Each structure stands twice: as C-alpha cells, then as structure tokens.
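Q: Handing you this structure, nothing more for now.
The values are calculated or read from the model by the stated rules, or taken from the named source; none is laboratory data. None of these values were measured; they are calculated from a predicted model. With ideal geometry, Cβ positions are generated from the backbone for all residues, glycine too; neighbour counts draw on all protein chains shown. These accessible areas exclude ligands, DNA and RNA; they are computed on the full protein's heavy atoms, side chains included. Shrake-Rupley method; radii C 1.70, N 1.55, O 1.52, S 1.80 Å.
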Amino acid sequence: MAKTPVKVTVTGAAGQIGYALLFRIASGQLLGSDVPVKLSLLEIPQAIKAAEGTAMELDDCAFPLLRGIEITDDPNVAFDGANVALLVGARPRTKGMERRDLLEANGGIFGPQGRAINEHAADDIRVLVVGNPANTNALIARSAAPDVPAERFTAMTRLDHNRALSQLAQKLDVPVSDIKKMTIWGNHSATQYPDLYHAEVGGKIAAELVDEAWLRDTFIPTVAKRGAAIIEARGASSAASAANAAIDHVYDWVNGTPEGDWTSAAVVSDGSYGVPEGLVSSFPVVSRNGRWEIVQGLEINEFSRERIDASVRELEEERDAVRALGLI
Ligand SMILES: NC(=O)c1ccc[n+]([C@@H]2O[C@H](COP(=O)([O-])OP(=O)(O)OC[C@H]3O[C@@H](n4cnc5c(N)ncnc54)[C@H](O)[C@@H]3O)[C@@H](O)[C@H]2O)c1
Ligand SMILES: O=C(O)C[C@H](O)C(=O)O
C-alpha cells in the first residue's frame, strides 16, 4: 500500500544549513529509505527566490521519495499539517548587538512560529530547533504552543555530541563506533558540559582512559568552543555538520536509539538531575516508541555537578531575560 507522505517543514531553507539539509531529507535520510516526504520551505520574502532555486535543484535530483515542494513566507502555510518542523532560520548576532536584542529579535521569529505550529501542525508534530540560541528559541516556541505536548519541542545538541565522540575517538585512536553513552548536558553554548564519566569505550569508562588534565583543559573546551573554531576557520558557521546532526536527531527520534546506547538532545526538563522543570536543556536520552526519554539514575560526581549547574544557570538567565521581555 502507498504510504502517505510525511510533511517536513524547514525554516531558513535558503540558508547554508538548509542547503546541506534539504537534499538529505528528500533522499530519505531523515525518516527512512521507504518514507515519502513533502517539503515545505519557509523563508523571509527577500530569500524566497533563492529557496525557489534550491527547489529547482531538488526537482533535478528526481528523488523517488520526494512528493512535492511548497515555498512560502507565511508560517501558517508552512506549518499547516506539518509532521516534522526543523526550525533553522534565526536572527544571527550582528556587530553591536546586545544579548537582549538577540533574544528579542529571535522572540519575534520563534513566538509566531510556535503559534503557527500550535494552530496548524499535525497532531504528531515533532519540532527540532537548530537556530541559535537554540535552547531558548525552543523555549519561546514551546511557550507559544500550549496545545502541543511539551515533549515535542527539542533543541539540537547532537552536533556537540558528535563532536565529543570524534574528539575522544581521535584521542584514543578508536573508531567512533566503539564509544557508547556520550552525554552533552545543558545549553548549546560554550557552557555546555560534555561528560566522559558515563561514556564507555570497549566497556571501560572513558574518563579512566584519559588523563584528567586532557579531559578538563583540552576535551571540554575543544568540544564546547568548536562552533567558534569552525567560524574562525571557515569564515562561516558549521553547515554540513549541523545538517548532519539534525538528520541524526530526527532519525533517532522517529526510529529509536540502539539498545545499550544513548544520545544527547535538549528536551523540556521534567526536573531530572536538578534541572528546573520547563527549561530546554540537554540530557542523555533514548528514544522509545517515538518519544525521547531522559536516562535516569546516573550518578553525578562533584566535577560534573558544578559544570551542569553552570550551564543550567545560563539557561535560567536566558529564560529570565525572555520572560522579562514578555516572550514567554
Ligand atoms: N544548534 C546547533 O548545533 C547549530 C549549529 C550550527 C548553526 N546553528 C544556527 O543555525 C542557524 C542557521 O544557520 P545558517 O548557517 O543556515 O544561517 P544562514 O544565515 O545561512 O541562513 C539562515 C536563513 O534563515 C532565514 N531566516 C531568517 N529569519 C527567518 C524567518 N523568520 N523565517 C524563515 N527563515 C528565516 C534567512 O533568510 C536565511 O536564509 C543560525 O542561528 C546558527 O547559529 C546552530
Ligand atoms: O552558529 C554558531 O554560533 C555556532 C554553531 O552553533 C555551532 O555550534 O557550530
């Protein structure tokens, strides 16, 4: 029997992540090689023409799973019947812009998008926020969508997770596939905490396989500041690796994480590990039956506690700032 196409809405579709993402979605890598998709591209009016150009290229790939492309500058149209929403488009920080201005400008994007999702998306909508500041943008969108279960709003820390896997694999000279149970805690920012006290390599705890100075002074800052290092090297922020992480996040969410392992995602906190309820914070998670579940019962040592708390404090400050602006 023919399957109904899944509607995937991508905002900021004409941007650099959009360009790295759309072809992979259309080829079946987001949801599965037997799942037909319809793409909806949301852009600002000035970028609609560029989005049309990308759509022409998508057509020219003749992807068997691609069942239609819609291009619009209206969130109510873009999210109408959407099953998956990838919120990539955001207002970048420009020269002279204060953090408050950045949060306010993004509130003007993610509030209306959250409302449009609330009113028009399909009942099974799943939202991944990529655009920065990703965790707090997800909080804003979620607050604007009271009728959508909170668990459907997530923000992306899978790129940080993948970066941590690669850094550790290179240090230990092992394939990435030998590493299990990596965790990113907190915010997608320089305060994030990549945790080696639960990660396992060949069944051994990773923190016991590296010296403490490397863990503290090299591993953590390299992972946490990798985004800035990419910008410095490329002259533009990460695009293909960010798109890859978005694909990994949604694929696992829909299809489940492998037994005996977990991944990292920023989800709405239920109070686990002392993270205040409602904050969108990164945790170790598994996906079962299409739902993220926070891995429970991990022992958190003092070193980890301090770092998780520092990142969560930053999330609380961002939450308080958007609350003061009336955005949540
Ligand atoms: N979470 C992560 O791990 C991660 C990693 C890399 C980049 N990012 C963030 O992702 C975002 C996008 O990055 P990029 O490199 O693609 O940027 P980009 O500037 O190349 O593209 C952004 C696109 O968003 C569009 N846009 C702006 N406002 C919009 C709106 N209201 N509705 C729809 N589209 C809108 C712009 O027209 C532009 O085409 C940035 O905020 C970046 O910081 C996050
Ligand atoms: O866009 C950025 O500021 C960096 C990005 O979030 C990244 O982690 O690569």
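Q: Go through segment 223-252 and report how many residues are among the aromatic types (Phe, Trp, Tyr) and within 15 Å of ligand 1 (Cβ to nearest atom).
A: 0
Q: What residue, among those in segment 10-31 that are within 16 Å of ligand 2 (Cβ to nearest atom) and either assigned to a loop (DSSP other than H, G, I, E, B) or not assigned by the TED database to the domain that holds Asp74 (or both), is nearest to the chain's Cα centre (by Cα)?
A: Step by step, filter segment 10-31, then rank; the result is Gly12.
Q: Okay, moving on. Restricting to segment 126-154, count the residues that are in contact (Cβ under 8 Å) with a residue 12 or more places away in the chain, open to solvent by 10 Å² or more (accessible area, probe 1.4 Å) and not β-branched (Val, Ile, Thr).
A: 12
Q: Restricting to segment 32-59, and then to whatever is of a type in the set (S, T, N, Q) and either in a loop (DSSP other than H, G, I, E, B) or open to solvent by less than 70 Å² (accessible area, probe 1.4 Å) (or both), can you tell me which residue is farthest from ligand 2 (Cβ to nearest atom)?
A: Per the criteria, the residue is Ser33.
Q: Ok, one more. Please tell me if Asn187 is open to solvent by 60 Å² or more (accessible area, probe 1.4 Å) and out of contact with any Gly (no Cβ under 6 Å at 6 or more places or on another chain).
A: No: the conditions fail for Asn187.
Q: Taking segment 115-125 only, how many residues are within 16 Å of ligand 1 (Cβ to nearest atom) and either open to solvent by 60 Å² or more (accessible area, probe 1.4 Å) or touching a helix residue (DSSP H, G or I) at 6+ places or on another chain (Cβ under 8 Å) (or both)?
A: The qualifying residues number 4.
Condition check ((1) open to solvent by 80 Å² or more (accessible area, probe 1.4 Å); (2) within 12 Å of ligand 1 (Cβ to nearest atom); (3) under 20 Å from Ile17 (Cα atoms)) across all residues:
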site	(1), (2), (3)
Cys61	no, no, yes
Leu66	no, no, yes
Glu70	no, no, yes
Pro75	no, yes, yes
Val84	no, no, yes
Val88	no, yes, yes
Pro92	yes, yes, yes
Lys95	yes, no, no
Leu103	no, no, no
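Q: Could you identify the single residue in Gly256, Gly227, Gly274, Gly260 that is more than 22 Å from Trp292 (Cβ to Cβ) and open to solvent by 10 Å² or more (accessible area, probe 1.4 Å)?
A: Just one listed residue meets the conditions, Gly227.
Q: Of the residues Leu165, Leu159, Leu172, only one is surrounded by fewer than 24 Cβ atoms within 10 Å (Cβ to Cβ), under 18 Å from the mean Cα position of the chain (by Cα) and hydrophobic (A, V, I, L, M, F, W, C); which?
A: Testing whether each residue is surrounded by fewer than 24 Cβ atoms within 10 Å (Cβ to Cβ), under 18 Å from the mean Cα position of the chain (by Cα) and hydrophobic (A, V, I, L, M, F, W, C) leaves just Leu165.
Q: Just to be sure, is Leu196 more than 16 Å from ligand 2 (Cβ to nearest atom) and over 30 Å from Gly131 (Cα atoms)?
A: No.
Q: All but one of (1) of a type outside the set (A, V, I, L, M); (2) surrounded by fewer than 20 Cβ atoms within 10 Å (Cβ to Cβ); (3) closer than 30 Å to Gly32 by Cα hold for His249, so report the exception by its number.
A: Of the numbered conditions (1) of a type outside the set (A, V, I, L, M); (2) surrounded by fewer than 20 Cβ atoms within 10 Å (Cβ to Cβ); (3) closer than 30 Å to Gly32 by Cα, the odd one out for His249 is (2).
Q: If we keep just the residues of segment 19-57 that are more than 16 Å from ligand 1 (Cβ to nearest atom) and of a type in the set (A, V, I, L, M), which is farthest from Ala240 (Cα to Cα)?
A: Taking the candidates together, the pick is Val35.
Q: I've got another one for you. Looking only at segment 277-328, which residues are under 17 Å from the mean Cα position of the chain (by Cα), touching a residue at least 24 places away in the same chain (Cβ under 8 Å) and open to solvent by 60 Å² or more (accessible area, probe 1.4 Å)?
A: Within segment 277-328, just Arg291 meets the criteria.
Q: Here's another thing I want to ask about it. Output the qualifying pairs, or none if there are none: Cβ atoms under 8 angstrom, residues six or more apart or on different chains, first residue in segment 1-27 and open to solvent by 40 Å² or more (accessible area, probe 1.4 Å), second residue at pLDDT 95 or above and within 8 Å of ligand 1 (Cβ to nearest atom).
A: Qualifying pairs under 8 Å: Gln16/Ala239; Tyr19/Ala239.
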